[in-house]
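J.: Input: one structure, supplied below.
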Amino acid sequence: MNAKRLERYLLHDVLKQVSRSFYLTLTVLPGCVAKQVGLAYLFARAADTIADAGRMDRSARATLLRQLKLQFVRESCNREEINAIQAMTASQQGHVGERTLLEHLDGCFRMYENLAPDDQVEIRRVLPILISGMEMDMERFPGESEADLSALSSLDDLDAYTYKIAGCVGEFWTNIMHAHLPRIRRTWDRESKICTGIRFGKGLQLTNILKDLSTDLRRGRCYIPSELLAQAGLEPRDLLETRTMTAFRPVLYALVKTALAHLDQGWLYATSIPRRDVRLRLACMWPILIALKTLHLLTTCDNLLDPARKLKISRFEVYRIIVTSTLTGGATSLGTAYWGHLRKAIA
């Protein structure tokens, strides 16, 4: 497969199989940055798939993650190690898209090696941080079920985790946009936007943590810090009981408030993008608006701790957000009015 066909296959066919929502974002990104962002996502998704490959021994997964991280730490990739990672992991995946991605891991690295050197540097900077977040997951949560439930200790741990899993992406995103989009380069103070972008990513990740709370608890993972639960007279294992919801609600609202504060910074980030870069504006606005809708679901759900509750906004809602925001043309006033409407709905 030649380079162009490989790029199209990975960024369209494969990426669409592993993330429909991010695929929509990628389709609206300016062409000069879509390749770099899409490829970084595929690498991160491949690493996450390896970390969560339940059919494989935990120590084997940890070793494979370290080997994958080394490909970005070194100056050049080791083709034999990449092929070994691919061979050992692809056959273990039940999800068709994830298996296809790992089967083409070598193709991702070929595409990576064809990037401009500065773009390679940005991917080499962000991927080790992302993978270290996945390693933190495996170290902090040694079990695979509620019988082995463990929790993060402190709010500092939670903040560090959300940075490693998503905040660092805001930094990567800012650097890539600053490098390739002239209007961004002329109007943005890159260092201040990196700080805002980090908070943007943290807000999205904290929203995901709250959305997936009941599922993660039954996988042995409690991302709600023990110190925060203790303030409400709770222990991590209490969250396995639906009757705990009343006592847990103040903790939930405190974390929703934190997520909102981060997402507010994300909105400032999005609206600071020059109006003429409307596609980039929309690519930033969509995940924030979807996160706000998700937080509304969380705060209006009668019992977030009940695993039977499916806290996921419908595809129709996602498309409605996309269409409504697109019709505003990314305009600051109209877009902010829509954002404000969704934000005020959160209890």
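The values are calculated or read from the model by the stated rules, or taken from the named source; none is laboratory data. All of these numbers come straight from a predicted model, not from anything done at the bench. With ideal geometry, Cβ positions are generated from the backbone for all residues, glycine too; neighbour counts draw on all protein chains shown. Ligands, DNA and RNA are excluded from the accessible area calculation, which covers all protein heavy atoms including side chains. Shrake-Rupley method; radii C 1.70, N 1.55, O 1.52, S 1.80 Å.
J.: Using a 1.4 Å probe, what is the accessible area per residue for the range 88-206, in Å²? Could you put the intermediate results ahead of the total?
T.: Values: 4880 Å² over 119 residues.
Per-residue value: 41 Å².
J.: Ordered by residue, what ³J(HN,Hα) values in Hz, to whole numbers, does the range 265-281 give under the Karplus form 6.51 cos²θ - 1.76 cosθ + 1.60, where θ = phi - 60° and Gly and Pro are x?
T.: 5, x, 5, 4, 4, 5, 7, 7, 5, x, 4, 5, 8, 5, 5, 5, 4
J.: Roughly to the nearest percent, how much of the accessible area of the chain is carbon and sulfur, given a 1.4 Å probe?
T.: Working: 7910 of 15330 Å².
That share works out to 52 percent.
J.: Ok, one more. Go through Pro30, Tyr9, Ala44 and say which Cα lies farthest out towards the positive end of the charge dipole of the range 1-67; charges sit on Cβ, +1 for Lys and Arg, -1 for Asp and Glu.
T.: With unit charges placed on the Cβ atoms, the residue in question is Tyr9.
J.: So how do Leu311, Leu42 rank on accessible area, 1.4 Å probe, biggest first, that is with the largest at the start? Before the final figure, lay out the partial values.
T.: Details: Leu311 25, Leu42 0 Å².
I get Leu311, Leu42, largest accessible area first.
J.: Might you report the magnitude of the Cβ-based charge dipole of the range 258-347 about its Cα centre, with Lys and Arg at +1 and Asp and Glu at -1, to the nearest 20 debye? Please report the intermediate quantities before stating the final value.
T.: Working: 12 positive and 5 negative charges, 56 e Å.
So the dipole magnitude of the range 258-347 works out to roughly 260 debye.
J.: Which of rounded, prolate, oblate describes the range 203-321, given a ≥ b ≥ c as roots of the alpha-carbon gyration tensor eigenvalues and a/c under 1.5 marking rounded, otherwise prolate only if a/b is larger than b/c?
T.: Working: a/c = 2.86, a/b = 1.93, b/c = 1.48.
Verdict is prolate for the range 203-321.
J.: Can you tell me the dipole magnitude for the chain around its Cα centre, using point charges on the Cβ only (Lys, Arg +1; Asp, Glu -1), in Debye to the nearest 20? Don't jump to the answer; show the numbers that get you there.
T.: Details: 47 positive and 38 negative charges, 300 e Å.
With only Lys, Arg, Asp and Glu charged at Cβ, the dipole is about 1440 debye.
J.: Would you work out the relative contact order for the range 138-206, in percent, from Cα pairs under 8 angstrom that are 6 or more residues apart?
T.: Working: 61 pairs, mean separation 24.1, N = 69.
It comes to 35 percent, rounded to a whole number.
J.: According to a simple spin-label model (label point 7 Å from Cα along Cα-to-Cβ), what is the distance in nm between Leu334 and Asn83?
T.: About 5.5 nm, to one decimal.
J.: Nearest 500 deg cm²/dmol is fine: what mean residue ellipticity at 222 nm does the chain get from its DSSP H runs of n ≥ 4 alone, each adding -39,500 (n - 2.57), divided by its residue count? Present the calculation step by step, with values, prior to reporting the outcome.
T.: Numbers: 19 runs with 245 residues, N = 347.
Roughly -22500 deg cm²/dmol at 222 nm, from the helical runs in the chain.
J.: How would Thr196, Thr215, Thr63 rank on accessible area, largest to smallest, probe 1.4 Å?
T.: Details: Thr196 25, Thr215 85, Thr63 55 Å².
Ranked from most to least accessible, the order is Thr215, Thr63, Thr196.
J.: If you don't mind, another one. From the residues Thr246, Ala259, Ala270, which one has its Cα farthest along the dipole of the range 246-291 in the positive direction, the dipole being from +1 and -1 charges on Cβ of Lys/Arg and Asp/Glu about the Cα centre?
T.: About the Cα centre, the residue reaching furthest to the positive side is Ala270.
J.: I've got another one for you. By its C-alpha gyration tensor, with a ≥ b ≥ c as the square roots of the eigenvalues, how is the chain shaped: rounded for a/c under 1.5, else prolate for a/b larger than b/c, else oblate?
T.: On the way: a/c = 1.74, a/b = 1.10, b/c = 1.59.
Oblate, because a/c is 1.5 or more while a/b does not exceed b/c.
J.: List, in the order given, every pair from Lys35/Lys193; Lys16/Lys164; Lys164/Lys211; Lys16/Lys211; Lys193/Lys312 whose Cα-Cα distance in the structure shown is over 28 Å. List each step's numbers first, then the result.
T.: Working: Lys35/Lys193 22 Å; Lys16/Lys164 24 Å; Lys164/Lys211 19 Å; Lys16/Lys211 22 Å; Lys193/Lys312 30 Å.
Over 28 Å Cα-Cα: Lys193/Lys312.
J.: Write out the trypsin sites (Lys or Arg not before Pro) in the range 1-80 meeting two conditions: DSSP loop, and at most 13 other Cβ atoms within 10 Å of their Cβ. Each step should come with its number before you reach the end.
T.: Working: sites: Lys4, Arg5, Arg8, Lys16, Arg20, Lys35, Arg45, Arg55, Arg58, Arg61, Arg66, Lys69, Arg74, Arg79; in loops: Arg55, Arg74.
Passing sites in the range 1-80 are Arg55, Arg74.
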